[in-house]
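Each value in this text was obtained by applying a stated rule to the coordinates, not by laboratory testing. Everything numeric here is computed off the predicted structure, so don't read it as measured data. With ideal geometry, Cβ positions are generated from the backbone for all residues, glycine too; neighbour counts draw on all protein chains shown.
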Amino acid sequence: MPSKRPSVRIQDIIDNIRSIQSYPAGMTLEKFAADMKTRDAVERCLERICEASAKLGADAATLMPDQPWRDIRGLGNILRYEYDGAGLHPRT
């Protein structure tokens, strides 16, 4: 069922994108990979984006048709169920 508050869901997505941009700002890829707290924070923001996009339902494509919504929602499954294969597990 689509959200009754699509503007809130869109703002959630925007806020989490901004956090993903700011948390590792100035870090090299190697430093980011070694910083478990920052990696966890970014991963949690990605999860929130996936959840907000799922709650938008079909409204997402209507409001922002140029986004890969299926891929965005699918990332949530990777984060939840396939994190070993996605290189997200801290020991991979």
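Quick notes on this one:
- Residue within the range 31-42 that is surrounded by 17 or more Cβ atoms within 10 Å (Cβ to Cβ) and either over 11 Å from the mean Cα position of the chain (by Cα) or in a helix (DSSP H, G or I) (or both) present: yes
Yes/no matrix, rows are residues, columns are (1) out of contact with any Asp or Glu (no Cβ under 8 Å at 6 or more places or on another chain); (2) under 22 Å from ARG73 (Cβ atoms):
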site: PRO6; (1), (2): no, yes
site: ASP15; (1), (2): yes, yes
site: ARG18; (1), (2): yes, yes
site: MET27; (1), (2): no, no
site: LYS31; (1), (2): yes, no
site: ASP35; (1), (2): yes, no
site: THR38; (1), (2): yes, no
site: GLU43; (1), (2): yes, yes
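- Residue match in the range 55-64 (condition: out of contact with any Lys or Arg (no Cβ under 6 Å at 6 or more places or on another chain), in a helix (DSSP H, G or I), among the basic types (Lys, Arg) and surrounded by 11 or more Cβ atoms within 10 Å (Cβ to Cβ)): no
- Among the residues of the range 1-30, those that are in a helix (DSSP H, G or I) and in contact (Cβ under 8 Å) with a residue 24 or more places away in the chain comprise PRO6, ARG9, ILE10, ASP12, ILE13, ASN16, ILE17, SER19, ILE20.
- Residue list for the range 54-81, filter: closer than 18 Å to LYS4 by Cβ and within 9 Å of the chain's Cα centre (by Cα): none
- Residue check, GLU51 part of a helix (DSSP H, G or I), out of contact with any helix residue (DSSP H, G or I) (no Cβ under 6 Å at 6 or more places or on another chain) and surrounded by 13 or more Cβ atoms within 10 Å (Cβ to Cβ): yes
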